[in-house]
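One structure below.
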Amino acid sequence: MDDSNRAPPEDILYEPIRLMKVLHIYPGNDSMVTKHVTMLAEGMRLSADIRTADNSASARQLLREQEPDIVHCHGCWQYFVARTAASAIRQGARVILTLHGQLEPWVISQQSMQDKVCKSMLWQRDAVRRAYAVITLGRLERENFKHLGWNPRIEEIHNAVITNTISPSEMVSQTFAVYQKVMDSNTLELMDEIERRQLATILKAGLTGDRRWIGNEDVPGHVSRQLLIYAEHEGIRNYVDYGINLLGLSAPLIDTEKIAAYMPPSYTRPRPIKEIIGDYEGNETDYLLRIITQLHKAPLLLHLTELARELYRDSINDEHIAAMLEERGLLAFTQRLMQILSEQLLLDEGYMPVDPINDRQTQRIRKIITSHLKI
C-alpha cells in the first residue's frame, strides 16, 4: 500500500515535533530497578529524550543540563532520589514516582523504627505527596499505597522485568501515557508569556467576532496543544476555536474532551453562567450584577469571559452600574475584575463601567483564577 498520501497522526498535524525530555533517577545498587529503568529507556529512545542517573552527582548534572519535563524517580528510601525530586520541582519539572514495592507493609516493617520514623517525617512522605503521579507495579501494591493516603494520583503498571502479564512494549506504552497525562495537566503552568498573550488575543477576537479589534498584536501563527487543553478544562474552548478561525491560526487537530489529565480534587467543569444565575431577562444592569456577584463567590475564567462579552454591548449605563455596585458593596471588587479583564482578555478601558484597580486583592483574585487547575 502506498502511504505517501496518508495523513499524519492528529497530535502532530500542525504541531512542531518536540521530544519530551525525561530524566530517570534510580539507585544503581538495585539490579531489578536498574533493569526496569533500562527497559523503559530503551523502549522510549525514539519517542522521548531519555537520560538516566543512578547517583547524586550525575542527577544534579543532568537536571541542570537537560532541563527535563519529567523526572521519573524510582524507589523512595534513598535520600538523593528525594532531594533530586525536590530540586526538579523547584526547577519546574514534574515528578513521577515508581514505588518498586518499597512502601509495602512488610518492607516498612523491616526498617528500624528510628530510620522509618525519621525518613517518613523528614522527607519521604513529602517526596511522595509532591509527586504528580505515583506508579505501583501491581494491584496489591496499589491498594496498600492507597490505604496510606499520601497521594491520590495512583497508576498501576505491571513490571515486565518480573512478570509475563505484560510485555515490555506494553509497559513502555503505558508508562509513556502517564508521562503525557502529567504533561496535559494544568497546562497553564507550562505556557510561557507569549502563549498567555496569544490566548488573551484569541479570546478577544472570539468575543468581538472581528479580527480588526486586535490591532497590531503580534500573534504567533501556531496554537499549541497545551493552550487548547487549558481552554477545554476552563470551559472556554468555543471562544478559543472561534478566535483561532477569525485570526487564521493553525492548531493541532485533537479532541480535547478525550485528553486524560489530572485534576484537583475539588475540580468540576465550569458551567455557563446562565446555568448558574439564570437567563438574561432584558435588564442589562441586573444581569451584569448577577454575573459579578457569582464571580465574587468563585472567580472562574469562563465567567470572566462571559462578563467581558456582556460589557461589549452598547446598552450599558456606566454610571447606573457603578452606583448599583457601590450600593451592594461590589465596586472595589469589580474594579479589580476590570484589571484582570484587561490582562487576560485585553478588554479596552472604553468598555469598562468602572476604572481598574491593581492591588494586593487584585493579585489574590488573579491567583485564584490561575491556580484553578493546580494539582
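Any idea which residue in the stretch 1-30 is surrounded by the most Cβ atoms within 10 Å (Cβ to Cβ), counting only those that are at pLDDT 95 or above and not hydrophobic (A, V, I, L, M, F, W, C)?
His24
For Gln61, work out the one condition from (1) more than 24 Å from the chain's Cα centre (by Cα); (2) over 16 Å from His100 (Cα atoms); (3) at pLDDT below 95; (4) of a type outside the set (Ser, Thr, Tyr) it doesn't fulfil.
Condition not satisfied by Gln61: (3).
Looking for something part of a helix (DSSP H, G or I) and either under 22 Å from the mean Cα position of the chain (by Cα) or of a type in the set (Phe, Trp, Tyr) (or both) - is there at least one such residue anywhere in the stretch 159-168?
Checked against the condition, which is being part of a helix (DSSP H, G or I) and either under 22 Å from the mean Cα position of the chain (by Cα) or of a type in the set (Phe, Trp, Tyr) (or both), the stretch 159-168 yields no hits at all.
What residue, of Ile229, Ile273, Ile236, is without any contact (Cβ under 8 Å) to a residue 40 or more places away in the chain, crowded, with 20+ Cβ neighbours inside 10 Å and among the aliphatic types (A, V, I, L, M)?
Sole residue among the options that is without any contact (Cβ under 8 Å) to a residue 40 or more places away in the chain, crowded, with 20+ Cβ neighbours inside 10 Å and among the aliphatic types (A, V, I, L, M): Ile273.
Select from the stretch 291-315 the residues that are among the aliphatic types (A, V, I, L, M) and without any contact (Cβ under 8 Å) to a residue 60 or more places away in the chain and write down the one among them that is nearest to Ser266 (Cα to Cα). Don't jump to the end; show me each part of the working.
The first filter runs over the stretch 291-315 and keeps only residues among the aliphatic types (A, V, I, L, M), leaving 291-292, 295, 298, 300-302, 304, 307-308, 311.
Of the ones still in play, those that are also without any contact (Cβ under 8 Å) to a residue 60 or more places away in the chain are 291-292, 295, 298, 307, 311.
Working: Ile291: 22, Ile292: 22, Leu295: 17, Ala298: 13, Leu307: 24, Leu311: 30 Å.
This residue is Ala298.
Suppose we filter the stretch 343-367 for residues that are surrounded by fewer than 18 Cβ atoms within 10 Å (Cβ to Cβ), outside any helix (DSSP H, G or I) and either among the aromatic types (Phe, Trp, Tyr) or under 28 Å from the mean Cα position of the chain (by Cα) (or both); how many remain?
2
Any residue that is modelled with pLDDT of 95 or more, over 24 Å from the mean Cα position of the chain (by Cα) and not in a strand (DSSP E or B) - is there at least one of those in the stretch 180-197?
Looking for residues that are modelled with pLDDT of 95 or more, over 24 Å from the mean Cα position of the chain (by Cα) and not in a strand (DSSP E or B), one finds none in the stretch 180-197, hence no.
The values are calculated or read from the model by the stated rules, or taken from the named source; none is laboratory data. On a predicted model such as this, the values are computed, not experimentally measured, just so you know. Cβ: placed from backbone, ideal geometry, glycine included. Neighbour counts: every protein chain shown.
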